[in-house]
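The values are calculated or read from the model by the stated rules, or taken from the named source; none is laboratory data. No experiment lies behind these values; they were computed from the predicted model shown. Glycine also receives a Cβ, built like all others from the backbone with ideal geometry; neighbour counts cover every protein chain displayed. For the accessible areas, the whole protein counts, side chains as well, though only heavy atoms, and no ligand, DNA or RNA atoms are used. Shrake-Rupley method; radii C 1.70, N 1.55, O 1.52, S 1.80 Å.
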Amino acid sequence: MATTGVSVIYYSSTGTIAEIARTIAQYAEKAGAEVRLRKVRELAPPEAIEANEDWKANLERTAEIEEATADDVVWADAVIFGSPTRYGNIAAQLKQYMDTLGPEWEKGLLADKVYSGFTSSQTEHGGQESTLLALYNTIYHWGGIVVSPGYTDPAKFEDGNPYGTSHVSGRGDVDQTIRAAAAVQAERVVKIATALKRGA
């Protein structure tokens, strides 16, 4: 049986989601998956990026990460999407990427895969849950299988979001609480995707 393939596909402006994406990718690999870490294309104008040092620095730090293509979803047995909260929704950059997958959706190539998501916001009640629920609306249309971490592990009571890993960036850098939650999510996604792949 071939190794379970997991794509971690994200958008990050100032680096928080990029850091969580790397953490999820690492734990998915530790769980036995073959992992592709991908970022989606930046749509913001250069002058907006230049005006924000953190944004500019994140682009430089992640320059080696490949941009996602349709094949990264088609290839995968499971896809874990990451996006910062934008008014309680996913970022336009990730939405635009997902919208380009219409041809693959029409062919049924996005169905019957495992999908999950993670997010961050500046404030504690900044739309984290609604962002993940909005993300999952697209997955339902694709015929995907949403695998949330739920409260399946004590670590999830610490980050407090059963819909997916989430971080409050206004409190500081990604810490061990979020890394532990990311581990739970990555391991659960790999476990369920592998079981589906084997027909268990």
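Testing ALA200 on (1) small (Gly, Ala, Ser); (2) at pLDDT 95 or above; (3) more than 17 Å from GLY82 (Cβ to Cβ), one condition comes back false. Which one is that?
Condition (2) is where ALA200 drops out.
Got at least one residue in region 99-107 being out of contact with any strand residue (DSSP E or B) (no Cβ under 7 Å at 6 or more places or on another chain), within 14 Å of ALA134 (Cα to Cα) and either of a type in the set (Phe, Trp, Tyr) or free of Cβ contacts under 8 Å to residues at least 24 places away in the same chain (or both)? Write out each step before concluding.
Narrowing region 99-107 to residues out of contact with any strand residue (DSSP E or B) (no Cβ under 7 Å at 6 or more places or on another chain): 99-107.
Right, trim to within 14 Å of ALA134 (Cα to Cα) and you get 99.
With the extra rule that they be either of a type in the set (Phe, Trp, Tyr) or free of Cβ contacts under 8 Å to residues at least 24 places away in the same chain (or both), the set shrinks to 99.
Yes: one or more hits.
Would you mind telling me which numbered condition in (1) under 16 Å from the mean Cα position of the chain (by Cα); (2) in a helix (DSSP H, G or I); (3) closer than 19 Å to ALA70 by Cα; (4) not charged (D, E, K, R) HIS141 fails?
All conditions pass for HIS141, except number (1).
Please name all residue pairs, on different chains or six or more residues apart, with Cβ atoms under 7 Å, provided the first residue is in region 125-147 and is more than 17 Å from HIS167 (Cα to Cα) and of a type in the set (Ser, Thr, Tyr) and the second residue is at pLDDT 95 or above and open to solvent by 30 Å² or more (accessible area, probe 1.4 Å).
Cβ pairs passing all conditions: TYR136/VAL146.
For region 103-135, enumerate the residues that are surrounded by fewer than 16 Cβ atoms within 10 Å (Cβ to Cβ) and among the basic types (Lys, Arg).
Within region 103-135, just LYS107 meets the criteria.
Give region 68-101 a look and list any residue that's more than 17 Å from ALA44 (Cβ to Cβ), assigned to a helix (DSSP H, G or I) and among the aliphatic types (A, V, I, L, M), or say none.
ALA70, VAL73, VAL74, MET98, listed by residue number.
Counting only residues that are part of a helix (DSSP H, G or I) and either buried (at least 17 other Cβ atoms within 10 Å of the Cβ) or touching a Phe, Trp or Tyr at 6+ places or on another chain (Cβ under 6 Å) (or both), how many does region 27-58 have? Write out each step before concluding.
The initial filter retains those residues of region 27-58 that are part of a helix (DSSP H, G or I), namely 27-30, 46-50, 53-58.
Next, only the ones that are either buried (at least 17 other Cβ atoms within 10 Å of the Cβ) or touching a Phe, Trp or Tyr at 6+ places or on another chain (Cβ under 6 Å) (or both) stay: 27-28, 49, 55, 58.
Counting residues in region 27-58 that are part of a helix (DSSP H, G or I) and either buried (at least 17 other Cβ atoms within 10 Å of the Cβ) or touching a Phe, Trp or Tyr at 6+ places or on another chain (Cβ under 6 Å) (or both) gives 5.
Out of ILE65, ILE17, which single residue is closer than 24 Å to VAL174 by Cα, of a type outside the set (Phe, Trp, Tyr) and not in a loop (DSSP other than H, G, I, E, B)?
ILE17
Of the conditions (1) out of contact with any strand residue (DSSP E or B) (no Cβ under 6 Å at 6 or more places or on another chain); (2) closer than 30 Å to GLU106 by Cα; (3) in contact (Cβ under 8 Å) with a residue 60 or more places away in the chain, ALA183 satisfies every one except a single condition; which number is it?
Condition (2) is where ALA183 drops out.
Is it the case that region 189-198 has a residue that's of a type in the set (Ser, Thr, Tyr) and over 28 Å from GLU42 (Cβ atoms)?
yes
Across region 5-19, which residue is surrounded by the fewest Cβ atoms within 10 Å (Cβ to Cβ) among those that are more than 23 Å from LEU110 (Cβ to Cβ) and among the β-branched types (Val, Ile, Thr)?
Once the filter is applied, the top-ranked residue is THR14.
Residues of region 93-102 being open to solvent by 20 Å² or more (accessible area, probe 1.4 Å) and within 14 Å of the chain's Cα centre (by Cα), which ones?
Correct list: GLN93, LYS95.
Please go through region 66-89 and give me each residue that is within 13 Å of LEU37 (Cβ to Cβ) and surrounded by 17 or more Cβ atoms within 10 Å (Cβ to Cβ), ordered by number.
If the condition is that a residue be within 13 Å of LEU37 (Cβ to Cβ) and surrounded by 17 or more Cβ atoms within 10 Å (Cβ to Cβ), then ALA68, ASP72, ALA76, VAL79, ILE80, PHE81, GLY82 are the ones that fit.
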